Each structure stands twice: as structure tokens, then as C-alpha cells.
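A short write-up of the structure that comes next.
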């Protein structure tokens, strides 16, 4: 793998930093990649800006921060507005459609992570794990098996089953999206590939 940059963004209380740590551990500990993980957050405990960056490579990493992310996860509108312009050309933008309604590009993938966590799992606080499952399925940045190992090793004791279900819910949402995307591609006339590609 050449240098691959992931930026996870949202606000305090959404578990962005924890999600970044889990992704880094999945890639570094369980897949043996070179990894750098950095984070930044506002002074507020909840509601302030929050981001975590994970740089993954097969080779030694010479700069630890994301320069032009290959993937951006935006868990709220402010994060989307702030960071979408940093994406690498052709990069992947994944947003939480529960909280992001104004998309900067029709190429964005919008899935309702917070709604899934709230309605299917009864705990909004696991929306970050739902998002990680979807991100891994869509971007293929780490294997789902290794991501699950990293999740279960990091979450508080007693919440393992909830987090396993959250991860699976995110994967299922991504599978549904990808299945629908393939069907739309097959239904559309030639010449529209650019509009439907991920």
C-alpha cells in the first residue's frame, strides 16, 4: 500500500478520536502496516470541532499528518464544510446523512450513521463504530475481521456485543449502498460512469 490518508471529523462527543485510534490499531497491530495517528479537538468537552487522522503505509511514514486525505468521514455539517475541500482529487467523501444535509459533491456517500445507532441499536453513542464499519466496507482500508478485533480490544468491558452489532450495522448499510450503486450503474446508459462511480 502506498501512503493512504484517512481523516475522521465531527464534534466532541461523537467518538471521533476513539474511532481514529481503533482504525490505527486495526491497520498497525492487526495488519502490520506502518501507521501514524494524530488528533485535534476544541476546548469544549462536547460540541467543539474534533478530528482524527490516520496515515497508513507499507513503507516508513515521513510525515504524520494527512496532507490530502484519500478518505474523509464527516459526522456533521460543520466538519463536511470545513474539510471536504482538502480531499485528494477523486477522494472518497463519506458523511452521516443524519446530520449532513448540504453535500459539496454528488460523489459523496451519505449514510445515516447516527440514525442507525439510535433506532437499530438504541445507543446514539455507537454511531462512530457504525461509521467505521461502513468506511471499512466501502474504502477497504482495513479488513473487517481486523477492524472487529481492534474494536473489541478498545471498547469498555461489557459493551463488546453492542459494538460488534454497531460494526455489523455499518457494514450492512454500506453493503446496501454498494448493491444499489451497482444496480443503478447497470440501469443507466453508457456515458454516465463518472456520475455513478464511488
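Here, each number is a calculation from the coordinates, and none is a lab measurement. Bear in mind that the values here come from a model prediction, so they are computed numbers and not experimental data. Note that each Cβ is placed from the backbone with ideal geometry, even for glycine, and that neighbours are counted across all protein chains shown.
Being more than 15 Å from the chain's Cα centre (by Cα) and on the phi > 0 side of the Ramachandran plot narrows it down to one of 32, 15, so name that one. Full working, then the answer.
Working: 15 fails: more than 15 Å from the chain's Cα centre (by Cα).
Only one candidate passes the filter, namely 32.
One line per residue, one yes/no per condition, for (1) within 19 Å of residue 12 (Cα to Cα); (2) touching a residue at least 60 places away in the same chain (Cβ under 8 Å); (3) loosely packed, with under 15 Cβ neighbours inside 10 Å:
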{"residue": "115", "(1), (2), (3)": "yes, no, no"}
{"residue": "135", "(1), (2), (3)": "no, yes, no"}
{"residue": "144", "(1), (2), (3)": "no, no, no"}
{"residue": "152", "(1), (2), (3)": "no, no, no"}
{"residue": "156", "(1), (2), (3)": "yes, no, yes"}
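Please list, ordered by residue number, the helices (runs of 4 or more DSSP H) wholly in segment 88-174 having 3 or more residues that are under 18 Å from residue 24 (Cα atoms). Please lay out each step first, then the result.
Details: elements: 113-120, 127-139, 144-154.
Helices (runs of 4 or more DSSP H) meeting the threshold: 127-139, 144-154.
For the condition over 23 Å from residue 124 (Cα atoms), touching a strand residue (DSSP E or B) at 6+ places or on another chain (Cβ under 8 Å), in contact (Cβ under 8 Å) with a residue 40 or more places away in the chain and not in a strand (DSSP E or B), what is the one hit in 79, 2?
2
Take residue 109 and tell me if it is surrounded by fewer than 16 Cβ atoms within 10 Å (Cβ to Cβ) and either within 20 Å of residue 38 (Cβ to Cβ) or touching a helix residue (DSSP H, G or I) at 6+ places or on another chain (Cβ under 7 Å) (or both). Break it down stepwise before answering.
On the way: surrounded by fewer than 16 Cβ atoms within 10 Å (Cβ to Cβ): no; either within 20 Å of residue 38 (Cβ to Cβ) or touching a helix residue (DSSP H, G or I) at 6+ places or on another chain (Cβ under 7 Å) (or both): yes.
Criteria not met by residue 109.
Go over the candidates 23, 72 one by one and state the one that is in contact (Cβ under 8 Å) with a residue 40 or more places away in the chain, assigned to a helix (DSSP H, G or I), touching a strand residue (DSSP E or B) at 6+ places or on another chain (Cβ under 7 Å) and buried (at least 19 other Cβ atoms within 10 Å of the Cβ).
Working: 72 fails: assigned to a helix (DSSP H, G or I).
Sole residue among the options that is in contact (Cβ under 8 Å) with a residue 40 or more places away in the chain, assigned to a helix (DSSP H, G or I), touching a strand residue (DSSP E or B) at 6+ places or on another chain (Cβ under 7 Å) and buried (at least 19 other Cβ atoms within 10 Å of the Cβ): 23.
Taking residue 32 as the residue in question, decide whether it is free of Cβ contacts under 8 Å to residues at least 24 places away in the same chain, farther than 20 Å from residue 174 by Cα and not in a helix (DSSP H, G or I).
Details: free of Cβ contacts under 8 Å to residues at least 24 places away in the same chain: yes; farther than 20 Å from residue 174 by Cα: yes; not in a helix (DSSP H, G or I): yes.
When the stated conditions are applied, residue 32 passes them.
Which condition breaks for residue 177 when tested against (1) outside any helix (DSSP H, G or I); (2) in contact with a strand residue (DSSP E or B) (Cβ under 7 Å, 6 or more places away or on another chain)?
Unmet condition: (1).
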